[in-house]
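Just below is one structure, and these are the notes that go with it.
Read-outs: derived from the displayed coordinates by stated rules, not from any lab. None of these values were measured; they are calculated from a predicted model. A quick note on method: Cβ atoms are made from the backbone with ideal geometry, for glycine too, and the neighbour counts reach across all protein chains shown.
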């Protein structure tokens, strides 16, 4: 059963050792409240001023922040602080959150809808299965953030500045939907883009310097031809390497060591494989394809030192001493290549 709180005293009565559960807070000015390190579960903040309120290091699930009035003063979250917090299955509906702080936070199943988040700081955040639909994120900072299976779609120019000049430097973006997003002058330098969807997105004047781009979609996107061609060329190279490495990894994991002896002799003709991958680790370490062929060199036999008995170079040569000797042959040719050692 949900308890309705309309005053600070009501909220205080519901708090127990930094724990708040099954509460709806309606139009209570919480500007002086500190929720740092709280555990929040099924809590709703309706039309509640939260300017600069501290939610740092809190653990929150199924919380709702929403406003249903045109008066911005009725619900304002400017500078609210969720740094290093964990938010699960929560939503922000029509929220004004200028300069909000999500530094190093974890967001899983979080929904931002029709919200204002300009200049918000998501640096280092982990964002999974979350949506930023029809929300304004101009100049927001996602540097070094990890964003997986999330959506920024629908952020069109009709909804304000959208995602202009957003910072995704060195971020990891996997299965992220940017379709129809306005990403004018966004910075993706050094980012990792895997299966990102930029269909019909505005990517003019974006910076993709040094990014790794694999299997992403740019259909009907607004982007300079030179930038698009560079991304397509990069994608083809990286995709080929990734798929080839995955094929080798599957082979190494699904065969016994005895079966691998023959397999590795073939793979080492085109790849360099580190031996620790076969000596107990779960995932093999595979490097990029080696374009140069294995070198073949002529190695001349060396005479033993004076007064020193000849010693065979290998067990094979020792067995040859016991057999009838053949006429002297030309210098032997030995192939030098990196070998994989088995335990």
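How do 30, 137 rank when sorted from fewest to most other Cβ atoms within 10 Å of their own Cβ? It would help to have the intermediate numbers written out before the result.
Working: 30 17, 137 29.
The fewest-first ordering by Cβ neighbours comes to 30, 137.
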task: Starting with the fewest neighbours, write out 34, 177 ranked by other beta-carbon atoms found within 10 Å of each beta-carbon.
output: 34, 177
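Using 0.36 nm per residue, how much length does the chain from residue 133 to residue 26 gain when fully extended, once their Cα-Cα distance is taken away? Intermediate results must be reported in sequence, preceding the final value.
Working: separation 107, 0.36 × 107 = 38.52 nm, distance 2.49 nm.
So the chain would gain 36.0 nm between residue 133 and residue 26.
Sort 23, 128 so the one with the fewest other Cβ atoms within 10 Å of its own Cβ comes first. Don't skip to the end; give the middle numbers.
Details: 23 21, 128 16.
Listed from fewest to most nearby Cβ atoms, that is 128, 23.
More than 29 Å apart: what percent of Cα pairs in region 3-231 qualify? Working shown, then result.
Details: 7215 of 26106 pairs.
That fraction is 28 percent.
What FRET efficiency, computed as 1/(1 + (r/R0)^6) with R0 = 25 Å and r the Cβ-Cβ distance, is obtained for residue 119 and residue 17, rounded to the nearest 0.05?
Working: r = 35 Å, r/R0 = 1.39.
Efficiency computed from Cβ-Cβ geometry: 0.10.
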